[in-house]
Amino acid sequence: MIRTRARPKRGGAKKRLPDASQSLDVRSPATPPIGGRTKWQQWHAVVLLFALTRGAYLWDLATSSPTEQHFLPLDSQRYWEAATSIAKGSTLLGSQPFSFAPLYAYYLGAIQLVGGNIWAVYLSQVGLSALTVWLVYKLGLATFGHHTATIAALLWCLYGAAGVLELTVVETTLGTFLTLLGVYLMLPSRGRNLRWPLLGGLALGLACLARPNTLLLAPFAGLWLLTRGTWRARQIGKRSGPVIILLAGIGVGIAPATFRNRAVSGEWVLISAQGGVTFAQGNNPNSEGAYAQLAGLSGDPITQADEATKVAQKALGRRATTQEVDAYWYQQGLSYLRANLGDAAILWAKKLRGWFGSDEISMEYVLSAERSIHPSLWLMPLPFGALLGFAMLGMRRRFLFGKSALLGCIVLTNLVSVLIFFFSSRYRVPAVPVLCIMSAHGLRAAITRSASPLRWALGGVATSLSLVSWSPAYRLQEASFFYLLGNQYFRDGEHHASLPFYERAASGRPGDWKIHHNLGEAYGATGHYRKAVETLERAQQLDPTQPSTARALSYYRSMLESEPR
């Protein structure tokens, strides 16, 4: 009997004997251990930084005047009044389709219903932001690993605009959390169970109710789920089920607003009927890339829907439905763009300038103004330009293709929505967590010196250009913020406290008669009659047609003449 020698299997790994000169338990000194204890220590640093920055800002606001604590300008006031109506039993909020994103109003209404005040809102939003930090970490972990994820979470903790918005009665914190939650639930690491696309779609649907422009993300999310980020048609036939489930989840999230609008008005309005007015506000001859007040509208968000309807019906010469009013304002914006293609290109460039710039301006807050009132915000010093520059270093193909491509889609759709409507720092914030992840990877590339000279050049140019304030709108908006805060102090009867804010507003907007009028009234209310007369005379020079200024000027002139010499 002949015994043959067994052949080794093809592809089998050959066993290698250890080198006698090497130990069997050698750990490379270039690779530090990242065991559980080290990871937890780094995560503790994130928690500590978040607690420090938010705790200091909360304390700063808590020790300020009640007027500043309860300051509700523009959209904040509209949301709060709608929430008050909900808490009092008016759950459907009238007989017209929503003219604002409804989810946040019901969120505030639920807090008021259980007896919560504005501080309960602030604390709940800080809690949502803490969950956002965790989502930033989890998304960064899925993309680049633990160290990059930790840096990304730290960067989010240091971003000042996010901290301000947590203590502002606006929907941004809620919308950002829901958007990231939807993306996280859709991650491929969760396997093929269809409940994850359903839950992810539901979260994105709710995000649409908080920020309707999130709808732009829905087709990208469906296409990404269909192709897993490869964007290749050959993958489409195999994954249609999860996409249908995802879209169904988004539909379920949006459905309450749609059916409510149908029930109260008889019109099929998907979420809200303010898109046309918002589009016209960002695309008109007076627009500089940010919000621009339309002729016939006062700029008050509470009365905006009624004013927009009156203007549209007057132009149409008949009564119009909500959808017809919305279509009218869309047509106004489109007519301007079509008739002025050159100006439209310049306008889009201004919107891009705003999105890529570090000026943190919105109708409800201006970061530089907030920092002058609350110095604790300097504990969150990270400018957008720094995020942008390091994101250039950290930009990789995986943000365009593969499982992380959906993160890139968040930034893309956010940028597109600004081009369609107008720039506001508040609208850009949902894209910032993704930029934190990109920037964290860029920081690691900078530390390890793996970034190419070209990327260094691009990052440096992007940061430098971003940090320059190119738009005069920043100072004008800062002055408007001080004016609104001065109005709040004056309404609360704190006339002396209103003066410094009115004075700063007047120096920032020297051609605004309304600011000078209110400053003159504040001088008069505090007994400074000479200053009141001088300021009201200036207001009258700016706009001689205002009867209120003439009446106030006459009154304070008589008060000045009656003073003992």
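If I filter the stretch 266-281 for residues that are modelled with pLDDT of 90 or more, under 23 Å from residue 218 (Cα atoms), open to solvent by 20 Å² or more (accessible area, probe 1.4 Å) and assigned to a helix (DSSP H, G or I), do I get at least one hit?
Yes, the stretch 266-281 contains a residue that is modelled with pLDDT of 90 or more, under 23 Å from residue 218 (Cα atoms), open to solvent by 20 Å² or more (accessible area, probe 1.4 Å) and assigned to a helix (DSSP H, G or I).
Can you say whether residue 241 is at positive phi and open to solvent by 20 Å² or more (accessible area, probe 1.4 Å), as far as the supplied structure shows?
Here the answer is no, as residue 241 does not meet what is asked.
Can you tell me which condition residue 459 does not meet? The list is (1) open to solvent by less than 60 Å² (accessible area, probe 1.4 Å); (2) at pLDDT 90 or above, and all the others hold.
Residue 459 satisfies every listed condition except (2).
Could you tell me how many of the residues in the stretch 500-553 are over 27 Å from residue 475 (Cα atoms), open to solvent by 70 Å² or more (accessible area, probe 1.4 Å) and in a helix (DSSP H, G or I)?
Going through the stretch 500-553 one residue at a time, the tally reaches 3.
Among 368, 439, 417, 376, which is within 24 Å of residue 333 (Cβ to Cβ), assigned to a helix (DSSP H, G or I) and either in contact (Cβ under 8 Å) with a residue 60 or more places away in the chain or open to solvent by less than 30 Å² (accessible area, probe 1.4 Å) (or both)?
On inspection, the qualifying residue turns out to be 417.
Taking only pairs six or more apart or across chains, which ones have beta-carbon atoms under 6 Å, a first residue in the stretch 296-324 that is within 20 Å of residue 268 (Cα to Cα) and among the aliphatic types (A, V, I, L, M), and a second residue that is open to solvent by less than 70 Å² (accessible area, probe 1.4 Å) and in a loop (DSSP other than H, G, I, E, B)?
Listed pairs, sorted by first residue: 305/99; 312/320.
At least 2 residues that are of a type in the set (S, T, N, Q) in each: list the helices (runs of 4 or more DSSP H) lying fully within the stretch 58-157 that qualify.
66-69, 75-87, 118-143, 146-157
Is it the case that some residue within the stretch 254-263 is in contact (Cβ under 8 Å) with a residue 24 or more places away in the chain, more than 22 Å from residue 214 (Cβ to Cβ) and not in a loop (DSSP other than H, G, I, E, B)?
There is at least one residue in the stretch 254-263 that is in contact (Cβ under 8 Å) with a residue 24 or more places away in the chain, more than 22 Å from residue 214 (Cβ to Cβ) and not in a loop (DSSP other than H, G, I, E, B).
Contact list please: Cβ distance under 8 Å, first residue in the stretch 265-287 and under 18 Å from residue 341 (Cβ atoms), second residue surrounded by fewer than 19 Cβ atoms within 10 Å (Cβ to Cβ) and of a type in the set (Val, Ile, Thr), pairs at least six apart or on different chains.
From the stretch 265-287, the pairs are 279/420; 282/420.
Which pairs have Cβ atoms under 6 Å, sit 6 or more apart or on different chains, and link a residue in the stretch 137-159 that is without any contact (Cβ under 8 Å) to a residue 12 or more places away in the chain to one that is crowded, with 21+ Cβ neighbours inside 10 Å and part of a helix (DSSP H, G or I)?
What qualifies is 141/149.
Would you mind telling me which numbered condition in (1) in contact (Cβ under 8 Å) with a residue 12 or more places away in the chain; (2) assigned to a helix (DSSP H, G or I) residue 471 fails?
(2) is the only condition that residue 471 fails.
Could you give me the residue pairs with C-beta distances under 6 Å whose first residue belongs to the stretch 379-391 and is in contact (Cβ under 8 Å) with a residue 24 or more places away in the chain, whose second residue is in a loop (DSSP other than H, G, I, E, B) and surrounded by fewer than 23 Cβ atoms within 10 Å (Cβ to Cβ) wherever it lies, and which are 6+ apart or on separate chains?
If the second residue must be in a loop (DSSP other than H, G, I, E, B) and surrounded by fewer than 23 Cβ atoms within 10 Å (Cβ to Cβ), the pairs left are 380/158; 382/158; 383/358; 384/358; 385/358.
Select from the stretch 325-338 the residues that are more than 23 Å from residue 268 (Cβ to Cβ) and among the small types (Gly, Ala, Ser) and list them in ascending order.
335
Here's the yes/no breakdown for (1) touching a Leu at 6+ places or on another chain (Cβ under 7 Å); (2) free of Cβ contacts under 8 Å to residues at least 60 places away in the same chain; (3) under 21 Å from residue 364 (Cα atoms):
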| residue | (1), (2), (3) |
| --- | --- |
| 450 | no, yes, no |
| 455 | yes, no, no |
| 463 | yes, no, no |
| 487 | no, yes, yes |
| 528 | no, yes, no |
| 546 | no, yes, no |
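Please specify each residue of the stretch 73-86 satisfying the condition of being open to solvent by 30 Å² or more (accessible area, probe 1.4 Å) and at pLDDT below 90.
Within the stretch 73-86, 74 is the sole residue that qualifies.
Looking at (1) modelled with pLDDT under 90; (2) open to solvent by less than 40 Å² (accessible area, probe 1.4 Å), which one does residue 363 not meet, given that it meets all the others?
Here residue 363 meets the rest and fails (2).
Which residue is modelled with the lowest pLDDT, if the candidates are limited to the stretch 218-253 and must be of a type outside the set (A, V, I, L, M, F, W, C) and in contact with a Gly (Cβ under 8 Å, 6 or more places away or on another chain)?
229
The values are calculated or read from the model by the stated rules, or taken from the named source; none is laboratory data. Please read all numbers here as calculations on a predicted model, not as lab measurements. Note that we place each Cβ from the backbone using ideal geometry, even for glycine, and neighbour counts take in every protein chain shown. Note: areas computed on protein heavy atoms with side chains; ligands, DNA, RNA excluded. Shrake-Rupley method; radii C 1.70, N 1.55, O 1.52, S 1.80 Å.
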